[in-house]
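Remarks on the structure that follows.
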Amino acid sequence: SAKNNASIAGEKELVDLKKYSFDDLDVRFNKDFFDNVIFHITKKDEDQINEIFYQVSYILKSGGIFSIITRSTLDLSLSSKFALLEKIELVRGDSKLTQWVAKKN
């Protein structure tokens, strides 16, 4: 649906969406490859949060923006490699999520 939404918005050529497992990111991408990274983690992924922080710190450029969307009840403790910029509550009907926006130190 994200690809379809990018197409509808006329921004398909600016968005490159891929699905990889967390532990494959440092193999698929070079160090400091991305300017921005967005993750949506579900409850089943929460036990991998340290692996996510490790992978993002490897593939994200210094000063890059890291955004992670979680369930609203998760109290996320960011790695010391990131500085929290903003915490946003996302509401869609009865569903609530939290978006954590951080900058790589």
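Key figures for this structure:
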item	result
The lone exception for residue 70 - which of (1) without any contact (Cβ under 8 Å) to a residue 40 or more places away in the chain; (2) outside any loop (DSSP other than H, G, I, E, B); (3) polar (S, T, N, Q); (4) within 21 Å of residue 30 (Cβ to Cβ) it fails	(4)
Complete set of residues in segment 73-105 that are part of a strand (DSSP E or B), exposed (fewer than 14 other Cβ atoms within 10 Å of the Cβ) and of a type outside the set (Lys, Arg)	83, 84, 85, 86, 88, 89, 90, 91, 95
Leading residue by the ranking (nearest to the chain's Cα centre (by Cα)) among those in segment 3-28 that are open to solvent by less than 70 Å² (accessible area, probe 1.4 Å) and farther than 19 Å from residue 52 by Cβ	15
Cross-chain or 6+ apart pairs with Cβ under 7 Å, segment 51-65 first and under 9 Å from residue 25 (Cβ atoms) and in contact (Cβ under 8 Å) with a residue 40 or more places away in the chain, then open to solvent by less than 30 Å² (accessible area, probe 1.4 Å) and not hydroxyl-bearing (Ser, Thr, Tyr)	56/37; 56/66
Cross-chain or 6+ apart pairs with Cβ under 8 Å, segment 6-20 first and within 19 Å of residue 40 (Cβ to Cβ), then open to solvent by 100 Å² or more (accessible area, probe 1.4 Å)	6/12; 6/14; 15/3; 17/3; 20/28
Selection within segment 36-67 - within 17 Å of residue 99 (Cα to Cα), in a helix (DSSP H, G or I) and either of a type outside the set (D, E, K, R) or open to solvent by 80 Å² or more (accessible area, probe 1.4 Å) (or both)	43, 49, 52, 53, 56
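The values are calculated or read from the model by the stated rules, or taken from the named source; none is laboratory data. Computed from a predicted structure; not experimentally measured. Positions of Cβ are generated from backbone atoms using ideal geometry, with glycine treated the same way; all protein chains shown enter the neighbour counts. Side chains included, ligands, DNA and RNA excluded: accessible areas come from the protein's heavy atoms. Shrake-Rupley method; radii C 1.70, N 1.55, O 1.52, S 1.80 Å.
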